[in-house]
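Beneath this line is the structure, given in structure tokens, with notes to follow.
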Amino acid sequence: MNSKTPPDLATLRHSASHVLAAAVLEMFPEAKLGIGPAIEGGFYYDFLLPRTLIPEDLGLIEKKMQHLIKQNLKFEKYEEPIAEAENFLKKTEQVLKLELVADLKQAGETKVSFYKTGNFVDLCRGPHVVGTNELKAVKLTHISGSYWRGDSDRVQLQRIYGVAFASKEELQKWEEQMREAAKRDHRELGKKLDLFSFHAAAPGAAFWHPRGKFIYDGLMNFMKRENEKRGYQEIATPIVLSSDLWKQSGHYENFKENMYFTEFEEREFAVKPMNCPGGCLLFAEKIPSYRELPIRNAEFGVVHRLELSGVLHGLLRVREFRQDDAHVFCSPEQLEAEIVKIIEYTTDVYKHFGFENYELFLATRPPKKAIGSDEVWEKSTVALEGAMRKLNLKWGVKEGEGAFYGPKIEFNVKDALGRNWQLGTCQIDFNLPERFDLNYVAADGEKHRPVMIHRAIIGSFERFFAVLLEHTAGNLPLELQPEVARVIPVAAEFLGAAEKFTAELQAKNVRVGIDRSNDSLSKKVRNGELLKIPFLLIVGEKEAQENKITVRERGKQEQKTVSVEKFVTEISNGN
């Protein structure tokens with residue numbers, strides 16, 4: 001890279017992570033360095049430090065970074081034999097880096113590379129920018145905890161996150177987006193709109209308030225109706241199942257660290273983290289004919305996953321959640337056509353809720369935790385690719401991020417702020433039908449293995465709820481509004497008229513509330529606006545006399561006075 005060629009963002013951000021590490025070493029000379037990669041949207045670096053960082057430390061570290069950047073220090077690469085690298089890292093007491101060199105040595109490497117920036121030296125493959133003066137827009141954002149190499153049994157580190165952009169204008173744009181994102185934070189909206197809460201008694205599990213439960217059920221009922229249109233039948237399986245089942249499915253071996261266990265009468269049981277093994281047991285109860293395929297079983301199952309407390313984040317990362325799960329059992333010949341239907345179904349749902357932009361990714365076989373032969377993984381991958389080609393879709397690839405039992409398509413939606421959220425999945429599985437000895441009778445009269453498709457469109461209802469709430473800034477569509485309209489009497493003497501209008505609207509199946517408080521009119525209106533109620537219906541002397549209501553629509557300045565019948569017609573027609 002020459003100085004005239006602008007660096008790509010990944011290189012820019014990785015270079016910023018080195019400057020961050022250099023600044024931290026100036027502040028804490030005894031710090032042990034972990035890793036500092038570029039990530040989507042920014043970078044981070046992990047440290048083992050002599051004390052716990054506080055938010056105020058970020059400003060101090062950032063000042064040190066800016067001082068280093070202004071010196072236009074060069075990123076100079078050099079290589080060392082493994083033995084020399086080990087000696088250097090022992091001398092500088094960088095024990096975590098020493099472990100990384102040991103892994104490289106075991107893998108057969110004879111040399112490793114370092115990058116020197118001023119007085120700072122770091123084990124690194126690169127690449128980097130030429131000099132620190134190319135880092136024109138860098139900002140540290142927050143601190144979190146992490147475990148060395150992602151292992152909860154290893155030492156806990158402190159992770160510092162930051163962002164880096166090619167220009168100050170891009171950084172300013174990002175800062176504006178973050179301010180808007182803060183306004184849309186689903187945790188804050190959840191409080192303001194009285195939707196849900198969290199309590200220490202159940203970390204990682206939401207308590208749903210009446211208004212939130214209405215929205216949650218609205219999402220689920222919508223998916224139930226859509227499933228019925230597409231030939232799905234609903235099932236339900238137990239939440240707690242014997243560990244023998246999870247050993248048979250492969251979850252015990254490949255997913256055990258994320259599961260809750262209990263013992264009773266000398267038997268071990270697990271709280272289900274997924275619905276699929278129970279669905280396999282149910283399918284195995286009888287052997288269907290090929291004429292009955294595909295069988296599409298939907299399950300709105302509650303699952304539990306043991307997430308570390310440090311990664312819990314509102315509704316976006318929880319320990320208890322409900323999935324709009326479904327398992328499709330089909331013949332190999334039907335596989336591609338079923339995948340096509342699932343992709344079309346998924347994108348239809350996203351568009352219905354206002355997510356017009358989305359991306360598809362193919363997640364391939366994990367390098368370590370995976371079951372089944374190369375042949376079935378290849379067959380599954382080809383089927384997913386074939387379905388996406390048939391729909392003329394483009395997709396990215398997430399190497400090694402498939403489920404342990406098969407590859408999958410991941411659906412990422414882009415919200416109103418341009419942020420990407422991974423929601424639905426479509427996973428192909430030849431392995432569980434084999435492990436559970438699932439069969440159907442084919443046209444030749446013989447037993448054959450079905451293919452199992454795991455699909456979720458909403459995915460986690462909790463996660464989808466959070467994403468939709470932030471996407472709409474709490475201004476949810478009418479179909480999900482717990483209170484479409486609120487009748488507000490101007491004064492106490494008009495309460496009777498307000499109650500009459502409320503009863504008329506309820507009779508016409510409008511979800512309507514009434515404000516019976518003694519608050520002033522302005523406060524009543526303000527309270528309704530804070531709850532983002534779509535329509536506030538004002539009732540005073542004029543309205544009582546004319547048998548009409550004055551309508552204040554959310555987000556609009558003008559008001560209009562209409563009859564109840566006209567109001568109902570207009571909102572029914574979407575006006």
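Quick notes on this structure:
- The residue of region 115-172 that is nearest to E257 (Cα to Cα), among those that are among the small types (G, A, S) and in a strand (DSSP E or B), is S146.
- Region 484-498: number of residues that are in contact with a strand residue (DSSP E or B) (Cβ under 7 Å, 6 or more places away or on another chain) and part of a helix (DSSP H, G or I): 4
- Failed item in (1) closer than 18 Å to R13 by Cβ; (2) without any contact (Cβ under 8 Å) to a residue 24 or more places away in the chain; (3) more than 29 Å from the chain's Cα centre (by Cα), with I61 passing the rest: (2)
- One residue stands out among those in region 137-196 that are hydroxyl-bearing (S, T, Y) and in contact with a Phe, Trp or Tyr (Cβ under 8 Å, 6 or more places away or on another chain): the one that is nearest to L12 (Cα to Cα), which is Y161.
- Any hit, region 147-154, residues being surrounded by 15 or more Cβ atoms within 10 Å (Cβ to Cβ) and in contact with a His (Cβ under 9 Å, 6 or more places away or on another chain): no
The rows are residues; the columns are (1) closer than 29 Å to G41 by Cβ; (2) without any contact (Cβ under 8 Å) to a residue 12 or more places away in the chain.
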| residue | (1), (2) |
| --- | --- |
| F75 | yes, no |
| I82 | no, no |
| K91 | no, yes |
| L100 | yes, no |
| V138 | yes, no |
| D151 | yes, yes |
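- Looking across region 317-351 at every residue that is part of a helix (DSSP H, G or I) and charged (D, E, K, R), the one that is nearest to A383 (Cα to Cα) is identified as E336.
- Candidates S249, S197, filtered to the one that is buried (at least 17 other Cβ atoms within 10 Å of the Cβ) and among the polar types (S, T, N, Q): S249
- Scanning region 507-556 for residues that are β-branched (V, I, T) and either loosely packed, with under 13 Cβ neighbours inside 10 Å or in contact (Cβ under 8 Å) with a residue 40 or more places away in the chain (or both) yields V510, I533, I538, V539, I549.
- The residue pairs whose first member lies in region 394-406 and is on the phi > 0 side of the Ramachandran plot, whose second member is loosely packed, with under 11 Cβ neighbours inside 10 Å, and whose beta carbons are closer than 7 Å, counting only pairs six or more residues apart or on different chains, are G400/P367.
- The set of residues in region 399-413 being in contact with a helix residue (DSSP H, G or I) (Cβ under 9 Å, 6 or more places away or on another chain) and modelled with pLDDT of 90 or more consists of P407, K408, I409, F411, V413.
- Any hit, region 471-494, residues being free of Cβ contacts under 8 Å to residues at least 40 places away in the same chain and surrounded by fewer than 23 Cβ atoms within 10 Å (Cβ to Cβ): yes
- P203, sole failed condition from (1) surrounded by fewer than 14 Cβ atoms within 10 Å (Cβ to Cβ); (2) over 25 Å from the mean Cα position of the chain (by Cα); (3) not in a helix (DSSP H, G or I): (2)
- Checking each residue in region 258-281 for being basic (K, R) and within 14 Å of Q248 (Cα to Cα) picks out only K272.
- Count of residues meeting criterion [loosely packed, with under 13 Cβ neighbours inside 10 Å and among the small types (G, A, S)] in region 386-399: 1
- Pairs are defined by a Cβ separation below 8 Å, a sequence spacing of at least 6 or placement on different chains, a first member in region 156-179 that is farther than 13 Å from G36 by Cβ, and a second member that is part of a strand (DSSP E or B) and not hydrophobic (A, V, I, L, M, F, W, C); the pairs so defined are Q156/G145; Q156/S146; Q156/Y147; V163/G42; V163/K139; V163/T141; L171/K139; E175/K139.
The values are calculated or read from the model by the stated rules, or taken from the named source; none is laboratory data. Predicted model, so just to flag it, every value in this text is computed and none were measured. FYI the Cβ positions are ideal-geometry reconstructions off the backbone, even for glycines, and counts take in every protein chain you see.
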